[in-house]
Amino acid sequence: MTKNIAKTTHFGFETVPEDEKAGRVQGVFNSVASKYDVMNDVMSMGVHRIWKNAMMDWLAPRGGQKLLDVAGGTGDVSFKFLKRAGHGHATVLDITEPMLIEGRKRAEAESMQDSLDWVVGDAMALPFEDNTFDVYTISFGIRNVTRPQEALNEAYRVLRPGGRLMVLEFSQLPNEAMQKAYDLYSFNVIPQMGKMIANDRDSYQYLVESIRNFPDQETFLGMLKIAGFENAKYRNMTMGVAALHSGWKI
């Protein structure tokens, strides 16, 4: 009699059953939701804002477009998109409701609530019909998805023909010495910042481990192509600390 062997995946440097990862990721972001934006500024010394502006420069939002921002959390990418577009609509999807609640507060404060929807959902099983959105973005979220290829396949499905995917994610530095220096900072400084600012060292330990487990730029580019995206390419941000991948549904 053959026993069923459960599939496994990474949760940071830990190997866990696939069906446990989403719950663990949800726990991480439930824990840090109220301090998430502050920690992003502190960890990156504000550079994440430059990366997201670079994403908008390359994307060049147009008025009337419909954006799906997956793992959109508190909505900062959606806010940037709507301001650049002038008018349009953004749907922010995230598996973690407390992150969306923080985003709704900000939308109300900036009188943008009519241009935004907030949806609790899974990147691997999007609750939308085929050919619905003009643009799909995911920023620092796809490495937390249990099966990233399935998320990319779903992105392709919900985009309209002519629609565009953009993925901003931490990546790998091309120089070994630079990577070692970056790792030294990541593993020794960021978890301590998490402890001091968010009172949560373990969640930020997971976050830096998840970065090291994520595929390099060329490997991830191949995953976009497998999903069906054409004219796929990437740009390194800050020498490869992050990378911005782009693809089109043609």
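Bear in mind these aren't lab numbers, they're just calculated from the coordinates by the rules spelled out. Quantities reported herein were computed from a predicted structural model and do not represent experimental measurements. Note: ideal-geometry Cβ built from the backbone for every residue, glycine included; neighbour counts use all protein chains shown.
The amide H of TRP118, built 1.01 Å from its N in the peptide plane, has VAL92 as neighbours under 5 Å, considering only residues 5 or more places off or on other chains.
Within the listed set THR74, THR146, THR15, the residue fluctuating most in the Gaussian network model of the chain (springs between alpha-carbon atoms under 10 angstrom) is THR15.
Given R0 = 22 Å, the distance between the Cβ atoms of ASN30 and ARG104 translates into a calculated FRET efficiency of 0.90.
Phi angles across segment 108-113 convert, under the Karplus curve 6.51 cos²θ - 1.76 cosθ + 1.60 with θ = phi - 60°, into 3J(HN,Hα) values of 5, 5, 9, 6, 10, 4 Hz, Gly and Pro given as x.
Computing FRET efficiency as 1/(1 + (r/R0)^6) for ARG160 and ALA54, where r is the C-beta to C-beta distance and R0 is 22 Å, gives about 0.35.
Can you tell me, using C-alpha contacts under 8 Å and at least 6 residues apart, the relative contact order of the chain as a whole percent?
Numbers: 441 pairs, mean separation 48.1, N = 250.
Rounded, it is 19 percent for the chain.
Centroid-to-centroid, using Cα positions, segment 113-147 and segment 175-223 are 24 Å apart.
Hey, fewest Cβ within 10 Å first, where do MET124, MET193, MET55 land in order?
Numbers: MET124 17, MET193 14, MET55 22.
By the 10 Å Cβ count, ascending: MET193, MET124, MET55.
The dipole here belongs to segment 58-188: it is taken about the Cα centre, uses +1 on the Cβ of Lys and Arg and -1 on the Cβ of Asp and Glu, and is about 420 debye.
Which of ALA71, ALA181, ALA151 moves the most in a Gaussian network model of the chain with Cα springs under 10 Å? Judging by the Gaussian network model, the answer is ALA181. Karplus-based coupling profile of segment 221-228, in residue order and whole Hz: 4, x, 5, 4, 5, 4, 5, x, with θ = phi - 60° in 6.51 cos²θ - 1.76 cosθ + 1.60 and x standing for Gly or Pro.
Put +1 on the Cβ of every Lys and Arg and -1 on every Asp and Glu Cβ in the chain; which of GLY194, ASN144, HIS89 then has its Cα farthest towards the positive end of the dipole? Ranked along the dipole, the leading option is HIS89. Between amide H atoms placed 1.01 Å from N, distances below 5 Å from GLY12 occur with SER210, all of them 5 or more places distant or on a separate chain. Between PHE140, PHE128, PHE229, the Gaussian network model of the chain with springs among Cα atoms under 10 angstrom shows the greatest mean-square fluctuation at PHE128. From the P(r) of segment 8-248, can you give the percent of Cα pairs sitting at distances over 26 Å? That tail contains 34 percent of the Cα-Cα pairs. In order along segment 97-106, the Karplus-derived 3J(HN,Hα) couplings, from 6.51 cos²θ - 1.76 cosθ + 1.60 at θ = phi - 60°, round to 4, x, 5, 5, 4, 4, x, 4, 4, 5 Hz, and Gly and Pro are given as x.
Under a model in which nothing but the beta-carbon of Lys, Arg (+1) and Asp, Glu (-1) is charged, segment 168-250 shows a dipole of about 180 debye around its Cα centre.
If you count the DSSP beta bridges with both ends in the chain, what percent of them are antiparallel, to the nearest 5? Show your work: numbers first, answer last.
On the way: 18 of 38 bridges.
Approximately 45 percent, going by the DSSP bridge assignments.
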